[in-house]
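Have a look at the structure below before the remarks.
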Amino acid sequence: MPATHDLHSHSLASDGTLAPAGLVQAAQTAGIGVLALTDHDTTDGIAAASAAAHAAGLRLVPGVEISVTWQAQTIHVLGLGIDTGNAALQAGLAQLCAFRDWRAEEIGRRLARAGIDGAWAGARALAQGRIVSRTHFAQHLVGQGHAASVRDVFRHFLVNGKPGYVSCQWAELEPALDWIRSAGGMAVIAHPARYRLTASRLRRLVGEFRELGGAGMEVVSGSHTRDNIRAMAAVCRNERMLASSGSDYHGPDNCWIRLGELPALPAGCIPVWESEQWPVQ
Ligand code: AMP
Ligand code: MN
Ligand code: MN
Ligand code: MN
């Protein structure tokens, strides 16, 4: 039987709640044979995850989830099988981390204006890795009793039109794909159904992505419904993209996304790991 693949996950290095080694342990327990660690805009967790995977007899795909702004919209692009020592990739990620630092402070200032003090310090204290994510603000605000759940914080504080919202200019698509290519990785559009694009805008995104050297798109994702999977499989086949599959696991606290429970890719989709370009041996 082929190894079970989960090509999208997060650790404490970004906004996950497990340390890289703990994540690998959890993946092994869940029966996953090939796991990609794809933290937001950082590869800091890869070394520890690789060491743990080696010890556990599991294949670790070094990855990253890059924040991209495409036509004024935030899009996430996975780089799979990257060389984390690549200078162009690390220079690009460093820019994104610097922007994140500024944005975190700005979110804190805006929340303070809305009467919530100390959110920046609170979020930073929760962020154990290099990056501060909106997830850390959400966790802090839940802890302080400002909302009942992380979801509620996003809804009431952190999205467009709410007091802690900061509009973002992330990486442009072309340089982001260049960084992934120079690092020897394969670029995959993360959770494409999450962006609520019209069918024609999604086709435009996929077309542009492929022209710029992008290889695949997530068809199966922890954040896709069964209808999303069917729809993304159709786009994937029509646009001749490779298909990827990943839980987007952030840790055991989020009980509706579990490791090792991904449905199979629909028929006719070619998995990224069966492609000749697959950079992982
Ligand atoms: P950031 O990249 O810092 O803007 O944070 C984005 C992260 O926040 C995503 O990767 C998710 O982990 C999390 N997130 C985004 N929207 C929501 C939501 N509605 N509910 C819970 N978590 C969310
Ligand atoms: Mn996240
Ligand atoms: Mn994402
Ligand atoms: Mn993710």
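Scan (1) open to solvent by less than 20 Å² (accessible area, probe 1.4 Å); (2) in a loop (DSSP other than H, G, I, E, B) for the single condition Val219 breaks and write down its number.
Against the list (1) open to solvent by less than 20 Å² (accessible area, probe 1.4 Å); (2) in a loop (DSSP other than H, G, I, E, B), Val219 comes up short only on (2).
Out of the residues in region 16-35 that are touching an Asp or Glu at 6+ places or on another chain (Cβ under 8 Å) and within 15 Å of ligand 1 (Cβ to nearest atom), which is farthest from Pro263 (Cα to Cα)?
Step one: of region 16-35, the residues touching an Asp or Glu at 6+ places or on another chain (Cβ under 8 Å) are 16-17, 27, 30, 32, 34-35.
Cutting the leftovers down to within 15 Å of ligand 1 (Cβ to nearest atom) gives us 16-17.
Numbers: Gly16: 22, Thr17: 24 Å.
Applying the filter and picking the extreme gives Thr17.
Here is a yes/no grid of residues against (1) touching a residue at least 40 places away in the same chain (Cβ under 8 Å); (2) open to solvent by 10 Å² or more (accessible area, probe 1.4 Å):
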| position | (1), (2) |
| --- | --- |
| Gly185 | yes, yes |
| Val188 | yes, no |
| Leu205 | yes, no |
| Arg226 | no, yes |
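I need the full set of residues from region 22-31 which are touching a helix residue (DSSP H, G or I) at 6+ places or on another chain (Cβ under 9 Å) and either within 16 Å of ligand 2 (Cβ to nearest atom) or farther than 19 Å from Glu65 by Cα (or both), in order please. Steps first, answer last, please.
First, the residues of region 22-31 that are touching a helix residue (DSSP H, G or I) at 6+ places or on another chain (Cβ under 9 Å): 22-25, 27-28.
Result: Gly22, Leu23, Gln25, Gln28.
Do you know which residues across region 237-261 are at pLDDT 95 or above and either of a type outside the set (A, V, I, L, M, F, W, C) or closer than 20 Å to Ala53 by Cβ (or both)?
Answer for region 237-261, where residues must be at pLDDT 95 or above and either of a type outside the set (A, V, I, L, M, F, W, C) or closer than 20 Å to Ala53 by Cβ (or both): Arg237, Asn238, Glu239, Arg240, Ser244, Ser245, Gly246, Ser247, Asp248, Tyr249, His250, Gly251.
Output the qualifying pairs, or none if there are none: Cβ atoms under 6 angstrom, residues six or more apart or on different chains, first residue in region 235-246 and more than 15 Å from Gly207 (Cα to Cα), second residue away from ligand 2 (no atom under 16 Å from the Cβ) and of a type in the set (Gly, Ala, Ser).
Partner pairs satisfying both residue conditions: Ser244/Gly216.
Can you name the condition, by its number, that Ser200 falls short on among (1) in contact (Cβ under 8 Å) with a residue 24 or more places away in the chain; (2) outside any loop (DSSP other than H, G, I, E, B)?
Unmet condition: (1).
Right, Ala234: in a loop (DSSP other than H, G, I, E, B), at pLDDT 95 or above and either within 16 Å of ligand 4 (Cβ to nearest atom) or over 29 Å from Asp101 (Cα atoms) (or both) or not? Even if it seems obvious, please write down each step before you answer.
Numbers: in a loop (DSSP other than H, G, I, E, B): no; at pLDDT 95 or above: yes; either within 16 Å of ligand 4 (Cβ to nearest atom) or over 29 Å from Asp101 (Cα atoms) (or both): yes.
Spelling it out, it is not the case that Ala234 is in a loop (DSSP other than H, G, I, E, B), at pLDDT 95 or above and either within 16 Å of ligand 4 (Cβ to nearest atom) or over 29 Å from Asp101 (Cα atoms) (or both).
Need pairs with beta-carbon distance below 8 Å; first residue near ligand 2 (Cβ under 10 Å from one of its atoms) and open to solvent by 10 Å² or more (accessible area, probe 1.4 Å) and within region 130-141, second part of a helix (DSSP H, G or I) and among the aliphatic types (A, V, I, L, M); sequence gap 6+ or separate chains.
Arg134/Ile107; Arg134/Leu158; Thr135/Val150
Between Glu261, Glu276, which is open to solvent by 30 Å² or more (accessible area, probe 1.4 Å), over 29 Å from Ala13 (Cα atoms) and part of a loop (DSSP other than H, G, I, E, B)?
Details: Glu261 fails: over 29 Å from Ala13 (Cα atoms).
That would be Glu276, the only listed residue that is open to solvent by 30 Å² or more (accessible area, probe 1.4 Å), over 29 Å from Ala13 (Cα atoms) and part of a loop (DSSP other than H, G, I, E, B).
Looking at region 108-117, can you tell me whether even one residue there is under 18 Å from the mean Cα position of the chain (by Cα) and buried (at least 17 other Cβ atoms within 10 Å of the Cβ)? Don't jump to the end; show me each part of the working.
Going residue by residue through region 108-117, those that are under 18 Å from the mean Cα position of the chain (by Cα) are none.
No, region 108-117 contains no residue that is under 18 Å from the mean Cα position of the chain (by Cα) and buried (at least 17 other Cβ atoms within 10 Å of the Cβ).
Scan region 153-161 and tell me whether some residue there is out of contact with any Lys or Arg (no Cβ under 8 Å at 6 or more places or on another chain) and buried (at least 18 other Cβ atoms within 10 Å of the Cβ).
Taking every residue of region 153-161 in turn, at least one turns out to be out of contact with any Lys or Arg (no Cβ under 8 Å at 6 or more places or on another chain) and buried (at least 18 other Cβ atoms within 10 Å of the Cβ).
Failed condition for Ile75, given (1) open to solvent by less than 50 Å² (accessible area, probe 1.4 Å); (2) more than 16 Å from ligand 2 (Cβ to nearest atom), with all others met?
(2)
Go through the residues of region 25-36 one by one and say whether even a single one is hydroxyl-bearing (Ser, Thr, Tyr) and over 20 Å from Gly222 (Cα atoms). Walk me through how you get there before you give the answer.
Going residue by residue through region 25-36, those that are hydroxyl-bearing (Ser, Thr, Tyr) are 29.
Subset that is over 20 Å from Gly222 (Cα atoms): none.
No, that holds for no residue.
Considering only region 127-148, state which residues are at pLDDT below 95 and small (Gly, Ala, Ser).
Gly129
The values are calculated or read from the model by the stated rules, or taken from the named source; none is laboratory data. This structure is a prediction, so every number in the text was calculated from the model and none was measured. Here Cβ is always computed from backbone atoms with ideal geometry, including for glycine, and neighbour counts include all displayed protein chains. All accessible areas refer to the heavy atoms of the entire protein, side chains included, with ligands and DNA or RNA removed. Shrake-Rupley method; radii C 1.70, N 1.55, O 1.52, S 1.80 Å.
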